[in-house]
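For reference, the structure discussed in these notes is given below.
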Amino acid sequence: MDYKLANLRGILKTQVLIIGGGPSGLLLSQVLMKAGIETIILEKQSRQYILNRIRAGVIEPNSVEVLKNAGIGDRIDAEGIKHQGTILSHDDHTIRIDFQKATKKAVTVYGQTEITKDLFKAQDNLNAKIFHGIKNIRVENLCEKSPRIIFDTETDEQKYIEADFIAGCDGFHGISRSWIPEKNLSVYENRYPFGWLGILSETPPVNDELIYSSSSSGFALASMRSSKLSRYYIQCDLETKPEDYTDDFFWLELKKRLPKKYSEKLITGPSIEKSIAPLRSFVVEPIQYGKLYLAGDAAHIVPPTGAKGLNLAISDIYYLSQAFITFYNDNEKTLLESYSQIALKRIWKTVRFSWWMTTLLHTFPNSSHFEKKIQSSEFFNLSESQYAMGALAENYVGLPY
């Protein structure tokens, strides 16, 4: 329920205050509320704005399990598309990575927007306190017993909330990460010299599994949201805008970059959404300070090549929610105190995999002839080694918690 703060008086109090009402914040609130822990969510954007964002759609089995345990598994079971493998290609040579054979697991294609819809519905059913249109968020007493958040409402009224803990789930551009003093924070970042131009189209997918394609013209990805809704990407110049590209240009480039046996059966149509995403690897350490705990994109960003962004956020929420539940149920602080250490171990393994997938499949503008030969050799080494394909499958379906 989207509560209105204008009519509230005095200082609100809660156990866990969550900054950010996207999937990370909603999932954390859902898990904690089901465990009897009080939460409040503060979000600067409207619910409709959040639901209009087009994001990732490949969900690891670990993530599916977390979502089901949170009470939002019905639609995933009914509408999610199971994928037991994926296609990789390099200059028209293709290999299939068999997840089922290598790991006995599969991934599920189910859009992040749909997960967010499910979470909002589940939170409404629990009468969750979700406040939208919040501005000018500040924090006090972050290292003391009861930190306080000060903020302005849509009507410019100043409000206060005291909490036992604060969870920063407000994304890469959010405010919560800035509350950790610079002297206490280490930032690790790698920006890639290209972006992804993505479109959504009401056309049947070109293949029933994802295709990651490397070509002399650049990278391409053929994905889907359903049997009638396709999501495609091509590598593009970072200095461009979505409106610089016509649909005709996009389809032409996609056909050039996909393996011929797939491009020949590609069905095109008008785009219903078009966007450009920059690619970066980004991690901060630590991801906890005082009573503040970061999760999701507030703590890390990975390039989308390995389909890890949302899944990594869900693993953060798993660790953080278990730490809060253990603290409130058993008065045990060990998991809370070690949250950063535990989560970062898995974060860095996932960052490595996403970086590796990105360097394997993209065309880098300043690559030397040597580097291009190494890239090609890496692909053919992968195609000839069951162990290498098994390692890729293991990482793609998701490392254990």
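Derivation of every value follows stated rules applied to the coordinates shown; laboratory data play no part. Being a predicted model, the structure only gives us computed values, none of them experimental.
List of remarks:
- Of LYS34/LYS82; LYS135/LYS241; LYS68/LYS274; LYS117/LYS274; LYS274/LYS373; LYS44/LYS129, pairs whose Cα-Cα distance is over 24 Å: LYS34/LYS82; LYS135/LYS241; LYS68/LYS274; LYS274/LYS373
- Radius ratio Rg over Rh of region 153-257, counting only Cα atoms, Kirkwood formula for Rh: 1.16
- Debye intensity ratio in log₁₀ form over the Cα atoms of region 297-363, taken at each q of 0.19 Å⁻¹: -0.72
- Computed Kirkwood radius, in angstrom, where 1/r is averaged over Cα pairs of region 13-164: 17.6
- Semi-axis lengths (Å, descending) of the ellipsoid that matches the C-alpha gyration tensor of the chain: 38, 22, 20
- Value of relative contact order over the chain, rounded to a whole percent, pairs C-alpha under 8 Å and six or more apart: 20
- The antiparallel fraction among DSSP beta bridges confined to the chain stands at about 70%.
- Calculated [θ] (222 nm, deg cm²/dmol) that DSSP helices of n ≥ 4 give over the chain, each run adding -39,500 (n - 2.57): -10500 deg cm²/dmol
- For region 242-275 versus region 310-370, the gap between their alpha-carbon centres in whole angstrom: 33
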